[in-house]
Each structure stands twice: as C-alpha cells, then as structure tokens.
Amino acid sequence: MDDNIVSTDRLTKRYGDRAAADRVSLTVRRGEVYGFLGPNGAGKTTTLRMVLGLVKPSGGSALVHGLRPGSPEALRRTGSLIEGPGFFPYLSGLENLRVVGRYRGLGRSDAEEALERVDLADRGKDRFRTYSLGMKQRLGVAAALMGRPDLLVLDEPTNGLDPAGMASMRRLIQDLSSEGQTVLLSSHLLAEVQQCCHRVGVIVDGRMSFEGTVADLRGARVLRVRAEPGDRAMPIVQGAAGDVEQNRDEDGRAVLTADAAGVDVPAMVRKLVADGVDVHSVAVQERSLEDVFLTMTEAGR
C-alpha cells in the first residue's frame, strides 16, 4: 500500500497571467497530521481545492488515495471543510448533519456521533442561524468527520474558536491521527501547528518553500554561554560543542555560541567552574515556528 495518501507533482493553477499555485509538489503520508502554512493569498486554499477536485489545475497532477481528485471513490474516502461551512440556516445543527448524511448514504447515528466529537451535542437541536462563528466552524468539521473518512482536508479549522475551543480541536485532530485517519490542514495559528502536526509544508507566493518536520523547519538548537574569562571558557566549550563563535554582550562579557546538538550541558558547566571560569548564564535556544515562518515569508516577497 502506498504510504502517501495525497501527492501532487508541479500542481499549477493560473488565472490569466497570475499563478495562484505555481508547480506545487507535496506529499501527505498516511496517518499523519500535515500542516499547510502560508500567508493570506499564498495559494493554500487554491491548492486544497485542486486536491479535492473542486478546481481544475492548469498544469501538473495530483493523486488522492491513488485516484484522480474529485473521482467518486476519492470523494467517498475524503471529508473536507474549505473556506467555511455552508448549511441551511433554518435547520438545526443535527438536522443539517442528517441532510449531509443522507447525501452520503450514512445512518442517523453518524450525525449524532459527529456532534459528540466536536462538543456540540448539547446544541444540536438549535437552529444553525443561532450559532456563533466558532460553533458554525465546529459543525463544519463535524460534517467532514461523518462516515470516518480516511482523509480529512481542513481549511483553517480553528477559525473563530476561543482558546478552549482551539485546545479541544487540537485534541480531536490528534485523536483522529492516533486512530489512523490522515489530516491535511491549513492554518495561520503557528503555535497550534507546532503542537499537533507531524510535518509541514510552507507555500509563499504560490510556490512551495519548505516541506519536512517542524523540527527541521525550526533548525538546529543554539547553545549560548556567557562566561568570563572568555579565553579560558573557549577551549572547554569547543571541546563540548565543536565550532564556537565568540562575541560580547552589552556588559562586555564573552558570549560563546555553538550548535547545541549532542552537547552534555551539565558536564560542560562543571568543567567551566572547575577551571575557574565564572559562568553567568547558559541557555539552549531554538527558533519558534513563528520566527522561521516570518523569515521565510518576508524573504519570498
């Protein structure tokens, strides 16, 4: 069985002279949570719509479950929420889900189960038009969940949710992955992506800038040691970390910077102290996903 449940090869969509998606190649592996990141207008939603067969590409190709996007079998095995949910305002949440269920050939219990999973069971009999933005979003996710599809494609699933709702949605997404379902989601909430995604893809101006793990995207952790005298600290830090860069802080103290990979920090500090070095601070720092993302998107402009 192919490990890739979604794969695109130079997928392109042009509107006149403008490329909304430009030769996008990505892979989503079976059972993972894949975060699709990019600023507004970068091509995220256009790419997801092509993956679902809602938009015909101008070039390139895509496979979903090894099938053509939009084919009946691919759609049967895929649940989606793209650009906000659309429901009948005069029907209740439960009645709306039952309409969706009848269209898909599902039973009445599927609607009730989906409401439970998104914490809307107590409001299931209320009309959709009375729902808040966050409740409408959760109902859209519930509709995507119905029938337990192999793949869920979710466009900004936490849009409109309060912090408690976002935490609940994150737990749901993690539970779905642990149960073997695959989730492809776009989001601008980088902290959420950092906590729940196995791999991420970054798209800037229609082009893929990165695909890999969150750890790979954030890069190596950095060791920073503030100590005096610097000339005595340097060989000890070099012995622990290899290549070291030396600078001075605002107080004139030596700041030694190196790659933190494989460094036994407690052992290094013991050696510094034993050699009479005054250690003012030791920190292992890593860039946040937000820092990396902003750097990439600004570079692409």
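The values are calculated or read from the model by the stated rules, or taken from the named source; none is laboratory data. Just so you know, these numbers come straight off a predicted model, no measurement behind them. Glycine gets a Cβ as well: all are built from the backbone with ideal geometry, and neighbour counts include every protein chain shown.
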| field | Tally, over the range 108-128, of residues that are outside any helix (DSSP H, G or I), among the charged types (D, E, K, R) and within 17 Å of LEU176 (Cα to Cα) | value | 1
| Just a yes or no: is a residue in the range 85-103 hydrophobic (A, V, I, L, M, F, W, C), in a loop (DSSP other than H, G, I, E, B), on the phi < 0 side of the Ramachandran plot and surrounded by 14 or more Cβ atoms within 10 Å (Cβ to Cβ)? | yes
| Identity of the residue in the range 15-35, of a type in the set (Lys, Arg) and touching a strand residue (DSSP E or B) at 6+ places or on another chain (Cβ under 7 Å), that ends up farthest from VAL202 (Cα to Cα) | ARG30
| Only one of these conditions is not met by PHE36: (1) out of contact with any Ser or Thr (no Cβ under 8 Å at 6 or more places or on another chain); (2) of a type outside the set (D, E, K, R); (3) crowded, with 17+ Cβ neighbours inside 10 Å. Which number is it? | (1)
| remark: So, first residue within 10 Å of SER92 (Cβ to Cβ) in the range 128-141, second residue among the polar types (S, T, N, Q) and outside any helix (DSSP H, G or I), Cβ within less than 9 Å, six or more apart or across chains; the pairs are PHE128/SER92
| Which numbered condition trips up THR158, out of (1) touching a helix residue (DSSP H, G or I) at 6+ places or on another chain (Cβ under 7 Å); (2) farther than 27 Å from ARG77 by Cβ; (3) at pLDDT below 90? | (2)
| request: Being in a helix (DSSP H, G or I) and in contact with a Lys or Arg (Cβ under 9 Å, 6 or more places away or on another chain) narrows it down to one of THR12, THR46, so name that one. | output: THR46
| Odd one out for ALA258 among (1) of a type in the set (Gly, Ala, Ser); (2) touching a residue at least 60 places away in the same chain (Cβ under 8 Å); (3) touching a Leu at 6+ places or on another chain (Cβ under 9 Å) | (2)
| task | Please indicate, with yes or no, whether at least one residue in the range 283-292 is farther than 23 Å from GLY35 by Cβ, surrounded by fewer than 18 Cβ atoms within 10 Å (Cβ to Cβ) and either of a type outside the set (A, V, I, L, M) or modelled with pLDDT of 90 or more (or both). | result | yes
| task | For the range 119-141, indicate whether the set of residues that are among the β-branched types (Val, Ile, Thr), surrounded by 22 or more Cβ atoms within 10 Å (Cβ to Cβ) and more than 26 Å from GLY70 (Cβ to Cβ) is non-empty. | result | no
| field | Unique residue being surrounded by fewer than 20 Cβ atoms within 10 Å (Cβ to Cβ) and in contact (Cβ under 8 Å) with a residue 12 or more places away in the chain when the list is GLY201, GLY242 | value | GLY242
| said: Scan the range 34-41 and tell me whether some residue there is at pLDDT 95 or above and assigned by TED's automatic domain parsing to the domain that holds ALA191. | reply: yes
| field | Hits in the range 56-95 (condition: free of Cβ contacts under 8 Å to residues at least 60 places away in the same chain, over 18 Å from ASN4 (Cα atoms) and either in contact with a Pro (Cβ under 9 Å, 6 or more places away or on another chain) or not assigned by TED's automatic domain parsing to the domain that holds GLY107 (or both)) | value | PRO57
